1. Order Val129, Val148 by their accessible area, 1.4 angstrom probe, all chains in place, largest first.
2. Counting Lys and Arg as +1 and Asp and Glu as -1, each charge on the Cβ, what is the dipole of segment 7-89 about the Cα centre in debye, to the nearest 20?
3. Please give the charge dipole size of the chain, origin at the Cα centre, charges +1 on K and R Cβ atoms and -1 on D and E Cβ atoms. Round to the nearest 20 debye.
4. Want the number for Ile55 to Thr39: 0.36 nm per residue separation, take away the alpha-carbon distance, what's left?
5. How much of the DSSP bridge set in segment 73-128 is antiparallel, in percent, rounded to the nearest 5?
6. What figure, in Å² to the nearest 10, do you get for the accessible area of His79 with a 1.4 Å probe and non-protein molecules left out?
7. Between Arg85 and Glu119, 0.36 nm times their residue separation minus their Cα-Cα distance comes to what?
8. Magnitude of the Cβ-charge dipole of segment 92-173, K/R +1 and D/E -1, about the Cα centre, nearest 20 debye?
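The values are calculated or read from the model by the stated rules, or taken from the named source; none is laboratory data. Please read these numbers as outputs of a predicted model, since none were measured by experiment. Methodologically, a virtual Cβ is constructed for each residue, glycine included, from the backbone with ideal geometry; neighbour enumeration extends over all protein chains shown. For the accessible areas, the whole protein counts, side chains as well, though only heavy atoms, and no ligand, DNA or RNA atoms are used. Shrake-Rupley method; radii C 1.70, N 1.55, O 1.52, S 1.80 Å.
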Amino acid sequence: MERYSDSDITLRPLDISDADDFMKWYSDEKVSKFCSWDTFTSKEAAIEYVVDNVIPHPWHKAICVSGRTVGSISVSPFHGMDKCRAELGYVVASDYWGKGIATRAVKMAANAVFVEWGELERVEAVVAVENTASQRVLEKAGFMREGVLRKYFLLKGRPTDAVIFSLLSTDPHVNYFMDA
């Protein structure tokens, strides 16, 4: 199994020019299985989703390996009394699973938003109980498993139990000065 060095993995804005790359995960049922969106069946629908949802998003990046887009990661800030926290989500093309890419991207994204958003104290991620691979990614990235939220969200129209994870700005392994 090929592994990539940390320097091979970068984050940058996702763009329409990445359409051929992002169709690899937007059209893959293995990838969309635990995602809020349904598998896209046309490039046009995926581009429309990127234009309407990804580009205007406050923090949504392409995950790149050696310059090629292989996934995306977003951090959604909460507002008002909850502005001290944000929710993280990510997706990686199935051809790149198990290579440490998502773990590295999660670390990079969390560190970046802790620096960029000074009031941020907590980044959380909510993962379907059945999605054990994503749970391992978060644990390897230093997130703490907090518990199970019963019937927390609808997944493909079905109430789904979820595991909630968090990373605090004060956690000892959060490193603002390196792109850990």
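1. Val148, Val129
2. Numbers: 9 positive and 13 negative charges, 66 e Å.
Taking the Cα centre of segment 7-89 as origin, the dipole is about 320 debye.
3. Rounded to the nearest 20 debye, it is 500 debye.
4. On the way: separation 16, 0.36 × 16 = 5.76 nm, distance 1.91 nm.
Full extension of this stretch gives 3.9 nm more.
5. Counting only bridges with both partners in segment 73-128, antiparallel ones make up about 60 percent.
6. Around 140 Å² of this residue is reachable by solvent.
7. The Arg85-Glu119 span can extend by a further 11.4 nm.
8. 360
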